[in-house]
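Just so it is clear, none of the values below were taken in a lab; they were calculated from the coordinates. Since the model is a prediction, treat every value here as computed from it, not as a measurement. All Cβ positions, glycine included, derive from the backbone under ideal geometry; neighbour counts span all protein chains shown.
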Amino acid sequence: MRVLIACEESQAVCTAFRKRGHEAYSADIQHCALYNHIEWHIVEDARLLLNTPVRFQTVDAQWHQVEKWDLIIAHPPCTYLTSAGSVRLFNKDHTIKDPARYAKGLAAKELFLRFLEGAGCEHIAVENPAPMHIFNLPPYTQIIEPYMFGEPWKKRTCLWLRGLPELRPTNQVEPVACWVDAHGGYMSRTKLIDKDHKGQHSAKMRSKTFPGIAEAMAEQWGNI
C-alpha cells in the first residue's frame, strides 16, 4: 500500500506501516525527530501532497512518484480546536474573548476538513482530541484511549474515518493516570513523567501517537 501520514514528525505511524512492508511517508512542515528516517519523510505542507498523481522529494533528496494514495492518516494541529482550549477562547458568559484565537480555530477547521473531505482518497483517518462545539466539525466515528492498546494512560482521542473499519482494541490494560490534564497541561496532576519533558517539548509530548495505537493502525488498516 501507498500510505501518507500527514502532519506527523514523530514517524511513529509511518514506521509501523514500513515495518509491514508498505510504502509509507510522513509529511510535516517540521523535520522528522524521533525515528529520524529521513528517507521516508517529506518536509512540506501535507495539503500539497493530497491530489494525485504527485511527485515529491524526501529529506534524503530522493524523488518519488505516487499515482494514488491507498490510505491517508492525518494528525492536523488541534491547538485551536480542542475543547481543552475553551477556557482561552470563551468568557464565563460564553462570549468570545479572543477573536484572533477564534480566527485561528476557523483556519484549523479548514485544514481539518481538507484532509477529511478533500483528499480524493477512498480510505482516510483523521485524528484529533474532542473539538469545541463552536467549530461544528462533523461527528467523529469513534473514541480510542492508549490503555486500549497496551499503553497505561488515558488520552481521549477521536477518530474520523472514511472507508475504514473502527480500530479494535488490542491489549486492554489498567490506566495509571491521564497523559494530558483537563486544561491541556502535560501530566501536571502526576509526578510519573520526568520534569524535563515539560517546557518547550510539552506540545510534542502531548500530541504524540502511542506505539500501541500506531501498531494497531498498521495491523488493522494495512490490508484494506
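Residue 71's amide H: which non-local residues (gap 5+, or another chain) put their own amide H closer than 5 Å, with H modeled 1.01 Å from N in plane and none for Pro or chain starts?
Correct list: 2, 4.
Rank by packing, highest mean first: peptides 139-147, 212-220, with packing defined as the count of other Cβ atoms within 10 Å averaged across residues.
212-220, 139-147
What is the dipole size for region 2-221, taken about its Cα centre, with +1 at each Lys and Arg Cβ and -1 at each Asp and Glu Cβ, in debye to the nearest 20?
700
What FRET efficiency would be calculated for the residue pair residue 19, residue 106, taking the C-beta separation as r and a Förster radius of 41 Å, to the nearest 0.05?
It comes to 0.60.
Taking every pair of alpha-carbon atoms in the chain, what share in percent sits in each 5 Å bin, from 0 to the bin with the longest distance?
In order of increasing distance, the bins hold 1, 7, 14, 18, 20, 18, 12, 7, 3, 1, 0 percent.
Of 109/155; 97/154; 97/155; 92/208, which ones are farther than 25 Å apart at the Cα?
97/154; 97/155; 92/208
Based on the mean of other beta carbon atoms within 10 Å per residue, what is the order of 3-13, 149-159, 18-28, 88-98, most packed first?
Those peptides, ordered most packed to least, come out 3-13, 18-28, 149-159, 88-98.
Are there any GluC sites (Glu not before Pro) in region 27-94 that are in a DSSP loop and have at most 11 other Cβ atoms within 10 Å? List them by number.
Details: sites: 39, 44, 67; in loops: 44, 67.
Within region 27-94, the qualifying GluC sites (Glu not before Pro) (loop, at most 11 other Cβ atoms within 10 Å) are 67.
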